[in-house]
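Note sheet for the following structure.
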Amino acid sequence: MEQKITILDNSIVNTLLEQQQQILNLLKGKTNDSGEFCSVKDAAKILNISEQKIRLMLDNDELKYRKLGRAIRIYRSCLI
(Lines give C-alpha, C1' and ligand atoms only; values in the text may rest on other atoms or scores of the structure.)
Protein backbone atom coordinates (compact mmCIF):
# COMPACT_ATOMS: atom_id res chain seq x y z
CA MET A 1 0.00 0.00 0.00
CA GLU A 2 1.43 3.33 -1.08
CA GLN A 3 1.33 6.24 1.39
CA LYS A 4 1.08 9.85 0.32
CA ILE A 5 2.31 12.75 2.39
CA THR A 6 0.93 16.25 2.03
CA ILE A 7 2.85 19.24 3.26
CA LEU A 8 0.79 22.32 4.11
CA ASP A 9 2.22 25.62 5.19
CA ASN A 10 0.65 27.63 8.02
CA SER A 11 -1.16 30.06 5.74
CA ILE A 12 -3.07 27.23 4.04
CA VAL A 13 -3.99 25.70 7.39
CA ASN A 14 -5.15 29.09 8.71
CA THR A 15 -7.24 29.72 5.59
CA LEU A 16 -8.90 26.31 5.93
CA LEU A 17 -9.63 26.93 9.61
CA GLU A 18 -11.14 30.36 8.86
CA GLN A 19 -13.36 28.89 6.13
CA GLN A 20 -14.47 26.13 8.46
CA GLN A 21 -15.35 28.68 11.15
CA GLN A 22 -17.34 30.77 8.65
CA ILE A 23 -19.33 27.70 7.63
CA LEU A 24 -20.03 26.82 11.26
CA ASN A 25 -21.12 30.39 11.98
CA LEU A 26 -23.41 30.39 8.96
CA LEU A 27 -24.98 27.12 10.08
CA LYS A 28 -25.55 28.65 13.51
CA GLY A 29 -27.10 31.73 11.93
CA LYS A 30 -24.20 34.02 12.75
CA THR A 31 -21.90 35.97 10.47
CA ASN A 32 -19.23 38.61 10.88
CA ASP A 33 -21.77 41.14 9.58
CA SER A 34 -23.64 41.19 12.92
CA GLY A 35 -26.25 38.60 12.11
CA GLU A 36 -26.82 38.84 8.38
CA PHE A 37 -28.63 35.47 8.39
CA CYS A 38 -31.19 33.72 10.55
CA SER A 39 -32.80 30.30 10.69
CA VAL A 40 -36.32 29.43 9.55
CA LYS A 41 -37.37 29.26 13.20
CA ASP A 42 -35.95 32.73 13.95
CA ALA A 43 -37.54 34.19 10.82
CA ALA A 44 -40.91 32.82 11.88
CA LYS A 45 -40.53 34.47 15.29
CA ILE A 46 -39.48 37.79 13.74
CA LEU A 47 -42.46 37.85 11.36
CA ASN A 48 -44.80 36.29 13.93
CA ILE A 49 -45.92 33.55 11.51
CA SER A 50 -45.47 29.78 11.38
CA GLU A 51 -42.34 28.01 10.17
CA GLN A 52 -44.52 26.31 7.56
CA LYS A 53 -45.50 29.74 6.14
CA ILE A 54 -41.80 30.71 6.01
CA ARG A 55 -41.02 27.53 4.06
CA LEU A 56 -43.90 28.27 1.69
CA MET A 57 -42.51 31.78 1.17
CA LEU A 58 -39.09 30.24 0.41
CA ASP A 59 -40.67 27.87 -2.13
CA ASN A 60 -42.39 30.86 -3.78
CA ASP A 61 -39.11 32.85 -3.87
CA GLU A 62 -40.58 35.53 -1.62
CA LEU A 63 -37.55 35.50 0.69
CA LYS A 64 -33.87 35.59 -0.17
CA TYR A 65 -31.91 32.74 1.40
CA ARG A 66 -28.81 30.57 1.26
CA LYS A 67 -28.64 26.84 1.59
CA LEU A 68 -25.70 24.93 3.04
CA GLY A 69 -26.37 21.23 2.85
CA ARG A 70 -29.76 20.86 4.49
CA ALA A 71 -29.53 24.09 6.50
CA ILE A 72 -31.46 27.10 5.22
CA ARG A 73 -30.32 30.57 6.25
CA ILE A 74 -32.55 33.54 5.45
CA TYR A 75 -31.20 37.06 4.93
CA ARG A 76 -32.42 39.21 7.83
CA SER A 77 -32.69 42.18 5.46
CA CYS A 78 -35.58 40.39 3.67
CA LEU A 79 -37.57 40.22 6.90
CA ILE A 80 -37.67 43.95 7.61
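The values are calculated or read from the model by the stated rules, or taken from the named source; none is laboratory data. Since we're looking at a predicted model, the values are computed, not measured. Surface areas here come from the heavy atoms of the whole protein model, side chains and all, with no ligands, DNA or RNA. Shrake-Rupley method; radii C 1.70, N 1.55, O 1.52, S 1.80 Å.
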Within straight-line cross-link reach of LYS53, aspartates and glutamates at Cα separation under 15 Å, skipping those fewer than 8 residues along the same chain: ASP42, ASP61, GLU62
Length added when fully stretched, GLU51-SER77, from 0.36 nm per residue minus Cα-Cα: 7.6 nm
For the chain, projected area of the alpha-carbon convex hull averaged over all directions, nm²: 8.0 nm²
Within the accessible area of the chain (1.4 Å probe), percent carbon and sulfur: 48 percent
Residue among ILE12, ILE46, ILE54 with the largest mean-square fluctuation in a Gaussian network model of the chain, springs linking Cα atoms under 10 Å: ILE12
Accessible-area value, ASP61, 1.4 Å probe, nucleic acids and ligands omitted, Å²: 120 Å²
